[in-house]
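Bear in mind that the values in this text are calculations on the coordinates, not laboratory data. Not measured: the values here are computed from a predicted model. No Cβ is skipped: glycine too gets one built from the backbone with ideal geometry, and neighbour counts run over all protein chains shown.
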């Protein structure tokens, strides 16, 4: 399947037409991938029926073969959404400033995982009060929000770009990733390796959007 979509995006012939469409429109890539999966199942099923009609004793072996292919595909898909898959983590200038200011304030990094909704100051103020009440965060401790926007695993390229955003004084680190828990873990590890401080990932709800 990967080779099939790769041929479509290669230079020359049909690739010069389809390739830019796959890059510009992620939905096109998903539709083509789905079509390839349906075509594969159809071809395997047709092959199975033709062979089984000639020799019914081959039904069990062919059935296990098809089930094995489906199981491998599912395991591969699940593995892609659970692995860290972050070869590079890049913090923009604003994100780095937020982290440096927080360390200068109290020498700690307190991150609140947050699900973005209204994206207004009241939302972040309410979440901060709630988290300070539920977790052992002193009233003077500095906090930074962490939001993960979920993307399709097939569009992920192994790089996490962390962007700093300020919403009326509330500092936010925003990043796109196919798996929120793994992205949070990768960011905490990157902060530990670069600052020497183990970030305190406060209990919250990462963004699924």
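Mind running the shape call on segment 88-202? Use the C-alpha gyration tensor, a ≥ b ≥ c as the square roots of the eigenvalues: rounded below 1.5 for a/c, prolate if a/b tops b/c, oblate otherwise. In terms of gyration-tensor shape, oblate.
Only counting other Cβ atoms within 10 Å, I'd like 142, 93, 101 sorted with the fewest neighbours first.
By the 10 Å Cβ count, ascending, the order reads 93, 101, 142.
Among 98, 64, the ranking by other beta carbons within 10 Å of each residue's beta carbon, starting with the fewest, stands as 64, 98.
Give the shape of segment 108-147 as rounded, prolate or oblate, defined through the alpha-carbon gyration tensor: a ≥ b ≥ c are the square roots of its eigenvalues, a/c under 1.5 means rounded, and otherwise the shape is prolate if a/b is larger than b/c and oblate if not. Since a/c reaches 1.5 and a/b is larger than b/c, the shape of segment 108-147 is classed as prolate. Pairs of Cα atoms nearer than 8 Å and 6+ residues apart set the relative contact order; for segment 88-202 it is 36 percent. Listed by Cβ neighbour count within 10 Å, with the fewest neighbours leading, 99, 198 appear as 198, 99. Approximating the spin labels as points 7 Å out from Cα along Cα→Cβ, the residue 73-to-residue 88 distance works out to 3.3 nm. Put a dot 7 Å past the Cα of residue 134, heading toward its Cβ, do the same for residue 97, and the two dots end up 3.1 nm apart.
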